[in-house]
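The next block holds one structure in the form of structure tokens; read it before the comments.
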Amino acid sequence: MERRIALKSMALAVGALANLPAWASGWTKESVVQTGFLSADQAKNLTAIVETMIPKTDTPGAGELGVSDFVQKMVKDCYDSKTQTGFASGISNLDEQSVQKFGKSFADSSKDQRLQLLKEFEASSDPTQKGFFSLTKNLTIQGYMTSEYVMTNITHYEMVPARYHGCVPVKK
Amino acid sequence: MANFNIDSKKDRTYDAIVIGSGISGGWSAKELTEKGLKTLVLERGRDVQHIKDYPTTNMMPWEFPHREKLPKEITDANPIASRCYNFKESSAHFFVKDNEHPYVQEKPFDWLRGYQVGGKSLLWARQTQRWSKYDFEGPARDKFAVEWPISYDDIAPWYSHVEKFAGITGNKDGLDSLPDGEFLKPHELNCVEKYFKEQVSKQYKDRHIIIGRAAHITDPQQIHLDQGRAKCQHRTICERGCPFGGYFSSNSSTIPWAMKTGNLTLRPHSVVHSIIYDDKKQKASGVRVIDATTNQMMEFYADIIFVNAAALNTNLVLMNSTSSRFPNGLGNDSGVLGKYVAFHNYRASVSGEYEGFLDSTTDGRRPNGGYIPRFRNVYKQETDFLRGYAAGFSAYRQTSNDRSGLGESLKEGLQSTRYGNWGVGSHMMGETIPKESNYVALDKTQKDAWGIPLLNISVDYDDNDEKMIKDYVEQVSEMFTNAGFKNVKAHDGKRNPGNDIHEMGGVRMGKDPKTSLLNKWNQLHTCKNVFVTDGACMTSTSTQNPSLTYMALSARAVDYAVKQMKAKNL
Ligand SMILES: Cc1cc2nc3c(=O)[nH]c(=O)nc-3n(C[C@H](O)[C@H](O)[C@H](O)COP(=O)(O)OP(=O)(O)OC[C@H]3O[C@@H](n4cnc5c(N)ncnc54)[C@H](O)[C@@H]3O)c2cc1C
Ligand code: SF4
């Protein structure tokens, strides 16, 4: 941990982060949050979706960890426009289902109701609903597992392992 | 040619000029400056200083907005660079972008480049094996290309010379098909790799599994500490540039070393246009450069010139260096300049699983892998294809998380690791045969942003390569199956030539000036003060990763050039 902090401050000391090439200037933490393409309603529902998928327990859930911003950014930057449209309408579609069934927006429905709706999408025979579900779930898992919280507190990512042992017992 | 008077000719005159600051140029510069020559290194790209200019080196995974995936806008704009496994969010700034430096693909060829101080030495995978005597004897024995003018014994001391300075980890394996070098402590093979090694040596007399030889400091010696480099910390994010100098790059090693002598002038943003030939003196007198920031053409002068622009760019520079004496390119009386380009064939891979050692795993990370030295046609021609292949071999414990379910059950599943079988994998590194029909040439009409003709690349696989792929797949699948690996699958990725990033030839060495450009000292037969020591000089390609050989040839050629210069022979 100490080593990690030392390295970080070394990077800052030499001003490394300021030296990014122009085309990569999106690489700062702040910009992750800014570049949305969903409407405010869709974004709110997306936060509810990721939090439903990976909820707060004794550790933070995906909502609190900002995973929805990550999901949104990935879809916007790394996928084609067809996938983007499908993704945005998937969220709206999920919201409509929620209003129809429970008379409430997805974000305002109860935890069980939200889970039920997502499970219906997962099991749906409609390929667009199914596709929307698996894209969102995969990105949510990726965003959660690679979040600072999880990598620091749960999976204990080591920037500098300083070793390789070719044969150690599996920890039970 | 305006503004010629920005400084006097004297100020633009050096003892030696090196074109390019990558792996080979860095070595030329180090050796020249250490021998006391005032040396100018011309580099077309920007300066990249060790640590200071590694913007991503200390970023945590979560600090990359796309977690290493590149935005579609960038992959769409760079289809060629995007086919390199190492072009990603943390390293893309060290790669040439497709549209900035176009070339003509007469046949599909992935030309992957790094234009900056350090060249591709920041990005490379750092595998460094010596050639064996069988590699140098290959063309003469098996009757292809032309005979090498040097043997293993000529280069062996220079391998030692560069290995000690660069820092190479490896094991003394005692194989005559892959000579041992000056090694630092080896990395460890893991249990399944060791198991495979035992199985293979029981079943085949002539096949071996060894730990890779790689340019990592596992055990720093005084010479590495003197360079300001430290022990490799096993981060395995080397392509971002290593703040410890744990792996060899021009930026962490040769360039700062040359700088410390006080004899180096490093000039980034200097696009070499051509080499100037002086008819009266009957030798090269200097280099024409276009300053990339001002677009001005200027000239620099020196007694000796080392061309280290990386194989295909070195061809381009020489072809573009025309004069009344050399209308077809510098040193090109034979007409073979640009021809006999060859590369490595990395197309096929084989994977599998092993159900043993289930109570074991690995710990930490290893910036290296296992290696299977070439075993085909080593001592004599014995198959229906020429030459052979080496292969990578690595094993890893497969782990996964339970990704089923939703809500709390999903969260729980994600937080615990499940161990699966071990995975094993291999990829081939095949030798391709240099052929006249595989060539590069200047495009007749199209020019780049600096008015230099675009490079036309016409390089392809042939029947020999297809046969070799088939043999690799059969042999490695058999070795895997015999070792008890399950689920063995072969895959031909059909990658384009060039994607291995080991392009070579075009300015080959040889004994006869009628069929080669360079003599045994990497010196142009017909323009004695110009030396080529990057991949362009290679007569044949072997199966080993090439860069260690470029380093050794560079150091050897500088030693000769300086002796000749002092004896007033140049
Ligand atoms: C991802 C990757 C993995 C690799 N793995 C390995 C490996 O494991 N082992 C191995 O041996 N090799 C490996 N390589 C290949 C290795 O990087 C090259 O063989 C090596 O860098 C070649 O050295 P060089 O000096 O010829 O060229 P470079 O290192 O490319 O340097 C050439 C320099 O010349 C400059 N230049 C070009 N044209 C001009 C001009 N007209 N004027 C001025 N300057 C010019 C360029 O900007 C560049 O800086 C790998 C490469 C990559 C990209
Ligand atoms: S593996 Fe070694 S050389 Fe590579 S980044 Fe890590 S410390 Fe540096």
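The values are calculated or read from the model by the stated rules, or taken from the named source; none is laboratory data. Just so you know, these numbers come straight off a predicted model, no measurement behind them. Quick reminder, even Gly has a Cβ in these numbers, built from the backbone with ideal geometry, and neighbours come from all protein chains shown. What goes into the accessible areas is simple: the full protein's heavy atoms, side chains included, and nothing from ligands, DNA or RNA. Shrake-Rupley method; radii C 1.70, N 1.55, O 1.52, S 1.80 Å.
Would you mind stating whether B:S121 is within 16 Å of ligand 2 (Cβ to nearest atom) and within 14 Å of chain A (Cβ to nearest Cβ)?
Working: within 16 Å of ligand 2 (Cβ to nearest atom): yes; within 14 Å of chain A (Cβ to nearest Cβ): no.
Considered against the rule, which asks whether it is within 16 Å of ligand 2 (Cβ to nearest atom) and within 14 Å of chain A (Cβ to nearest Cβ), B:S121 comes out as no.
Return only the number of the condition from (1) in contact with a His (Cβ under 9 Å, 6 or more places away or on another chain); (2) surrounded by fewer than 15 Cβ atoms within 10 Å (Cβ to Cβ) that A:K111 does not satisfy.
Among (1) in contact with a His (Cβ under 9 Å, 6 or more places away or on another chain); (2) surrounded by fewer than 15 Cβ atoms within 10 Å (Cβ to Cβ), the lone unmet condition for A:K111 is (1).
Does B:G352 satisfy the criteria of being within 14 Å of chain A (Cβ to nearest Cβ), out of contact with any Asp or Glu (no Cβ under 8 Å at 6 or more places or on another chain) and open to solvent by less than 30 Å² (accessible area, probe 1.4 Å)?
Values: within 14 Å of chain A (Cβ to nearest Cβ): no; out of contact with any Asp or Glu (no Cβ under 8 Å at 6 or more places or on another chain): yes; open to solvent by less than 30 Å² (accessible area, probe 1.4 Å): yes.
For B:G352, the condition - within 14 Å of chain A (Cβ to nearest Cβ), out of contact with any Asp or Glu (no Cβ under 8 Å at 6 or more places or on another chain) and open to solvent by less than 30 Å² (accessible area, probe 1.4 Å) - is not met.
What single numbered condition from (1) at pLDDT 95 or above; (2) away from ligand 1 (no atom under 16 Å from the Cβ); (3) open to solvent by 10 Å² or more (accessible area, probe 1.4 Å) fails to hold for B:S547?
(2)
Could you tell me which residue of segment A:134-162 is farthest from ligand 1 (Cβ to nearest atom), considering only residues that are open to solvent by 10 Å² or more (accessible area, probe 1.4 Å) and among the β-branched types (V, I, T)?
A:I154
Kindly list the number of the only condition in (1) touching a residue at least 60 places away in the same chain (Cβ under 8 Å); (2) away from every other protein chain (no Cβ under 14 Å); (3) of a type outside the set (F, W, Y); (4) away from ligand 2 (no atom under 16 Å from the Cβ) that fails for B:V192.
Among (1) touching a residue at least 60 places away in the same chain (Cβ under 8 Å); (2) away from every other protein chain (no Cβ under 14 Å); (3) of a type outside the set (F, W, Y); (4) away from ligand 2 (no atom under 16 Å from the Cβ), the lone unmet condition for B:V192 is (2).
Give segment B:229-253 a look and list any residue that's more than 7 Å from ligand 2 (Cβ to nearest atom), touching a Phe, Trp or Tyr at 6+ places or on another chain (Cβ under 6 Å) and farther than 10 Å from B:Y54 by Cβ, or say none.
The answer is B:A230, and nothing else.
State which residue is nearest to the other protein chains (Cβ to nearest Cβ) when the search covers only segment B:234-249 and only residues that are within 13 Å of ligand 1 (Cβ to nearest atom) and among the charged types (D, E, K, R).
B:R240
Pairs under 6 Å by beta carbon, first residue more than 7 Å from chain A (Cβ to nearest Cβ) in segment B:63-78, partner open to solvent by 50 Å² or more (accessible area, probe 1.4 Å), six or more apart or different chains?
Between residues of segment B:63-78 that are more than 7 Å from chain A (Cβ to nearest Cβ) and residues that are open to solvent by 50 Å² or more (accessible area, probe 1.4 Å), the close pairs are B:E68/B:K88.
Which of the residues that make up segment B:17-62 are closer than 25 Å to B:S285 by Cβ, touching a strand residue (DSSP E or B) at 6+ places or on another chain (Cβ under 7 Å) and outside any helix (DSSP H, G or I)?
From segment B:17-62, those closer than 25 Å to B:S285 by Cβ are B:17-22, B:24-44; that's our starting set.
If we keep only those that are touching a strand residue (DSSP E or B) at 6+ places or on another chain (Cβ under 7 Å) too, we end up with B:17-19, B:21, B:25, B:28-29, B:32-33, B:37-44.
Result: B:I17, B:V18, B:I19, B:S21, B:L37, B:K38, B:T39, B:L40, B:V41, B:L42, B:E43, B:R44.
Looking at B:K231, B:K260, can you tell me which residue is away from ligand 1 (no atom under 16 Å from the Cβ), surrounded by 18 or more Cβ atoms within 10 Å (Cβ to Cβ) and free of Cβ contacts under 8 Å to residues at least 24 places away in the same chain? Don't jump to the end; show me each part of the working.
Values: B:K260 fails: surrounded by 18 or more Cβ atoms within 10 Å (Cβ to Cβ).
Just one listed residue meets the conditions, B:K231.
Limited to segment B:423-446, what total is found for residues that are open to solvent by less than 50 Å² (accessible area, probe 1.4 Å) and either within 11 Å of chain A (Cβ to nearest Cβ) or hydroxyl-bearing (S, T, Y) (or both)?
So the answer is 2.
Which one is nearest to ligand 2 (Cβ to nearest atom) among residues in segment B:205-228 that are open to solvent by 30 Å² or more (accessible area, probe 1.4 Å) and more than 27 Å from B:H161 (Cα to Cα)? Quick ask: steps written out before the conclusion?
Step one: list which residues in segment B:205-228 are open to solvent by 30 Å² or more (accessible area, probe 1.4 Å), which gives B:205-206, B:208, B:219-223, B:225-226, B:228.
Those left that are additionally more than 27 Å from B:H161 (Cα to Cα): B:205-206.
Numbers: B:K205: 35, B:D206: 33 Å.
The residue in question is B:D206.
Exactly one of (1) open to solvent by 30 Å² or more (accessible area, probe 1.4 Å); (2) within 9 Å of ligand 2 (Cβ to nearest atom); (3) touching a Ser or Thr at 6+ places or on another chain (Cβ under 6 Å) is unmet by B:H269. Its number?
Status for B:H269: all satisfied but (2).
Taking A:F106 as meeting all but one of (1) out of contact with any helix residue (DSSP H, G or I) (no Cβ under 6 Å at 6 or more places or on another chain); (2) more than 7 Å from chain B (Cβ to nearest Cβ), write down the number of the exception.
Here A:F106 clears every test but (1).
Could you go through segment B:71-88 and let me know if any residue there is among the acidic types (D, E) and in a loop (DSSP other than H, G, I, E, B).
First pass over segment B:71-88, keeping only residues among the acidic types (D, E): B:73, B:76.
Narrowing further to those that are in a loop (DSSP other than H, G, I, E, B): none.
Looking for residues that are among the acidic types (D, E) and in a loop (DSSP other than H, G, I, E, B), one finds none in segment B:71-88, hence no.
Among the residues of segment A:121-172, count how many are aliphatic (A, V, I, L, M) and within 7 Å of another protein chain (Cβ to nearest Cβ). Let's see the steps before the verdict.
As a first pass, look at segment A:121-172 and keep what is aliphatic (A, V, I, L, M): A:123, A:135, A:139, A:141, A:145, A:150-151, A:154, A:159-160, A:162, A:168, A:170.
Now restrict to residues that are within 7 Å of another protein chain (Cβ to nearest Cβ): A:141, A:145, A:151, A:154, A:159-160, A:162, A:168, A:170.
Adding up the residues that qualify gives 9.
Within the bounds of segment B:123-132, is there any residue that is within 15 Å of the chain's Cα centre (by Cα), surrounded by fewer than 24 Cβ atoms within 10 Å (Cβ to Cβ) and not in a loop (DSSP other than H, G, I, E, B)?
Looking through segment B:123-132, at least one residue is within 15 Å of the chain's Cα centre (by Cα), surrounded by fewer than 24 Cβ atoms within 10 Å (Cβ to Cβ) and not in a loop (DSSP other than H, G, I, E, B).
Is it the case that some residue within segment B:179-190 is out of contact with any Phe, Trp or Tyr (no Cβ under 9 Å at 6 or more places or on another chain) and open to solvent by 50 Å² or more (accessible area, probe 1.4 Å)?
Of segment B:179-190, the ones out of contact with any Phe, Trp or Tyr (no Cβ under 9 Å at 6 or more places or on another chain) are B:180, B:183-186.
Now restrict to residues that are open to solvent by 50 Å² or more (accessible area, probe 1.4 Å): B:185-186.
Yes; the residues of segment B:179-190 include at least one that is out of contact with any Phe, Trp or Tyr (no Cβ under 9 Å at 6 or more places or on another chain) and open to solvent by 50 Å² or more (accessible area, probe 1.4 Å).
Mind listing whichever residues of segment B:367-387 are open to solvent by less than 30 Å² (accessible area, probe 1.4 Å) and farther than 20 Å from B:K197 by Cα? If you could, list the steps in order and put the result at the bottom.
Pass one, segment B:367-387, residues open to solvent by less than 30 Å² (accessible area, probe 1.4 Å): B:367-375, B:377-378, B:385, B:387.
Once the filter is applied, which keeps residues that are open to solvent by less than 30 Å² (accessible area, probe 1.4 Å) and farther than 20 Å from B:K197 by Cα, segment B:367-387 yields B:N377, B:F385, B:R387.
Tell me, please, whether a residue that is open to solvent by less than 10 Å² (accessible area, probe 1.4 Å) and under 13 Å from B:R213 (Cβ atoms) can be found in segment B:152-159. Give the steps one after another, and end with the answer.
Step one: of segment B:152-159, the residues open to solvent by less than 10 Å² (accessible area, probe 1.4 Å) are B:155, B:159.
Those still in the list that are under 13 Å from B:R213 (Cβ atoms) too: B:159.
Checked against the condition, which is being open to solvent by less than 10 Å² (accessible area, probe 1.4 Å) and under 13 Å from B:R213 (Cβ atoms), segment B:152-159 yields at least one hit.
Of B:R366, B:R374, B:R387, B:R347, which residue is within 28 Å of B:R495 (Cβ to Cβ), within 10 Å of chain A (Cβ to nearest Cβ) and in contact with a strand residue (DSSP E or B) (Cβ under 6 Å, 6 or more places away or on another chain)? Before the answer, list the steps.
Values: B:R374 fails: within 10 Å of chain A (Cβ to nearest Cβ); B:R387 fails: within 10 Å of chain A (Cβ to nearest Cβ); B:R347 fails: within 10 Å of chain A (Cβ to nearest Cβ).
Of the residues listed, the single one that is within 28 Å of B:R495 (Cβ to Cβ), within 10 Å of chain A (Cβ to nearest Cβ) and in contact with a strand residue (DSSP E or B) (Cβ under 6 Å, 6 or more places away or on another chain) is B:R366.
Of (1) out of contact with any Asp or Glu (no Cβ under 8 Å at 6 or more places or on another chain); (2) not in a loop (DSSP other than H, G, I, E, B), B:A140 satisfies all except one. Which?
Only one criterion is unmet by B:A140, namely (1).
Six or more apart or on different chains, Cβ under 7 Å: which pairs go from a residue in segment A:84-109 that's β-branched (V, I, T) to one that's open to solvent by 40 Å² or more (accessible area, probe 1.4 Å)? Could you list them?
Note: no pairs meet the criteria.
Is it true that some residue in segment B:160-172 is of a type in the set (G, A, S), free of Cβ contacts under 8 Å to residues at least 60 places away in the same chain and within 16 Å of ligand 2 (Cβ to nearest atom)? Explain how you work it out, then say what you get.
Restricting attention to segment B:160-172, the residues satisfying the condition of being of a type in the set (G, A, S) are B:160, B:166-167, B:170.
Remaining after also requiring free of Cβ contacts under 8 Å to residues at least 60 places away in the same chain: B:160, B:170.
Then keep just the ones that are within 16 Å of ligand 2 (Cβ to nearest atom); that gives B:170.
Within segment B:160-172, one or more residues are of a type in the set (G, A, S), free of Cβ contacts under 8 Å to residues at least 60 places away in the same chain and within 16 Å of ligand 2 (Cβ to nearest atom).
Between a first residue in segment B:42-58 that is closer than 30 Å to B:V317 by Cβ and within 11 Å of ligand 2 (Cβ to nearest atom) and a second residue that is part of a strand (DSSP E or B) and among the basic types (K, R), which pairs have beta carbons less than 8 Å apart while being 6 or more apart in sequence or on different chains?
Cβ pairs passing all conditions: none.
Mind telling me which of the residues B:D512, B:D465 ends up being among the charged types (D, E, K, R) and either within 25 Å of the chain's Cα centre (by Cα) or modelled with pLDDT under 95 (or both)? So that I can check it myself, show each step before the final result.
Details: B:D512 fails: either within 25 Å of the chain's Cα centre (by Cα) or modelled with pLDDT under 95 (or both).
Only one candidate passes the filter, namely B:D465.
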